[in-house]
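Reviewing the structure listed below.
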Amino acid sequence: MRLTNIYNYPQWYVDMVSGFLYDPTDGGRRRSDCSATRSINPLQQIVLTRRYGDSVAVDVSDMTWIILGQAAHSACYHAQTRSINRLKRAAKLAGEPEPEDLPALEDRLYVPIVTKHGVFTYSGQPDRICFDHTVRDLKVTSAWKLVFDKEHREWQRQLSIYNAMGYAYGLPVVDKGQICAILKDWQKSKAEDSPDYPQANVQFLDFELASPDTTFKWLQQRAEEIADAMELGDDELPPCTAEEIWAKDEKWAVYKDEKSKQAMRGGVCDTQEQAEAKLEAIKADCPGAYVEHRPGRHIRCDFDPDLWAKHGIVSPGYCKIAPFCKQHQEYLAEQGLEVPEPAEPVLVS
Ligand code: SF4
């Protein structure tokens with residue numbers, strides 16, 4: 001991935017961020033065709049990332065959450081090390097042998113799968129395997145992901161992949177998984193406004209895992225789907241679903257007056273009629289009240305067209321290849337918009 005520094009952050013910070021960029025070769029030691037994290041992305045996104053990923057530039061300022069994610073993973077690793085050492089010390093003090101089923105420390109795992117197209121290698125780095133018989137992973141993510149993706153099938157799949165990978169490395173099979181989702185953009189006001197919005201900035205989500213056997217079959221099928229899709233043109237790729245693009249429906253919000261920064265409590269409505277009824281009910285007390293239409297959005301596909309045109313970067317970049325995606329281009333065209341020509345990004349050295 002190419003990196004820019006449009007706000008001129010100091011070089012030491014740029015160096016720190018550069019060190020966190022995903023490296024599929026793991027420093028040249030191993031080669032992976034796809035990480036567990038990427039394998040669960042929409043098929044169209046996987047293929048377009050393989051085609052255009054090297055042409056995409058992102059800015060250092062949009063990598064902040066990667067640093068926080070790495071910090072969270074690191075904290076998890078150290079907590080796990082302390083737990084292991086505590087268990088070992090307790091066994092030693094009691095004059096007993098070390099427990100046999102101590103958890104595996106975070107490590108990158110590689111699993112080759114044989115497909116009709118050849119060998120396809122997946123890699124993955126779970127946070128905790130088999131500690132209290134649960135596979136865990138930390139996610140620093142958007143609160144909107146939890147709002148618009150209710151079933152979290154991608155995360156269930158990722159945990160199942162880690163479980164299967166652990167099994168391939170000789171670790172015990174477990175059947176439970178947990179995602180600790182740290183919500184980077186959580187807002188108290190939104191939580192008060194809607195019960196559908198996460199009510200706290202960290203959420204723990206529990207999953208029943210698929211068996212390693214089922215997961216290996218899925219991994220094989222996925223590898224073949226990716227290889228087959230690579231043969232298709234950009235406009236022939238299977239479109240992402242509403243769930244995958246984190247589609248947000250249009251809303252109508254009632255404000256008490258022009259000075260209000262937020263809609264009134266309970267004033268965000270699914271239909272214009274509902275909003276008009278609420279407006280009518282408060283009109284006598286709030287003569288300046290009004291209704292604002294909030295258009296629907298495809299949140300995962302969003303990027304700032306001005307930054308693309310001025311600096312050639314994809315920001316915020318939930319889907320970093322959005323400017324190249326025909327499906328998203330068509331969606332923009334329906335609204336009379338188009339993807340502007342990008343500037344040549346000024347890359348950091
Ligand atoms: S831009 Fe949106 S529709 Fe296109 S691949 Fe990305 S998530 Fe899917």
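We did not get these values from a lab; they are worked out from the coordinates using the rules stated. Only a predicted model underlies this, so the values are computations on that prediction, with no experimental measurement involved. Cβ atoms come from the backbone with ideal geometry, glycine included; neighbour counts cover every protein chain shown.
Using a simple spin-label model with pseudo-atoms 7 Å out from Cα toward Cβ, GLU344 and ASP54 lie 1.8 nm apart.
Counting neighbouring beta carbons within 10 Å and listing from fewest to most, the residues SER123, SER61 come out as SER61, SER123. Here the extension length gained between ALA72 and ALA284 equals 71.3 nm, from 0.36 nm per residue of separation less the Cα-Cα distance. Taking other C-beta atoms within 10 angstrom as a stand-in for reagent exposure, TRP12, TRP246 fall in the order TRP12, TRP246, fewest first. Pairs exceeding a 20 Å alpha-carbon distance, out of LYS139/LYS261; LYS139/LYS184; LYS116/LYS320; LYS116/LYS217: LYS139/LYS261; LYS116/LYS320. From least to most packed, judged by other beta carbons within 10 angstrom and beginning with the fewest, HIS311, HIS152 follow the order HIS152, HIS311. Computed over the chain, the alpha-carbon pair-distance distribution with 20 angstrom bins reads 24, 54, 20, 2, each value a whole percent. Put simply, the Cα atoms of segment 211-349 extend 63, 46, 30 Å along their principal axes, the longest span coming first. Other residues within the sphere of radius under 13 Å centred on the Cβ of GLU344, judged by their own Cβ, net out at +1 (K and R +1, D and E -1). Considering only CYS34, ILE161, HIS78, and ranking their Cα positions along the charge dipole of the chain that arises from unit charges at the beta-carbon of Lys, Arg, Asp and Glu, the one farthest toward the positive end is HIS78.
Compared with the alpha-carbon gap, the fully stretched path from GLU250 to ASP304 is longer by 17.5 nm at 0.36 nm per residue.
Working note: Cα atoms of segment 250-295, range along each principal axis, descending, whole Å: 26, 21, 14.
Placing R0 at 45 angstrom, the Cβ-Cβ distance between ARG2 and LYS259 gives a FRET efficiency of 0.55 after rounding to 0.05.
Each of the peptides 332-341, 112-121 was scored by the mean count of other Cβ atoms within 10 Å over its residues; in descending order, highest first, they stand as 112-121, 332-341.
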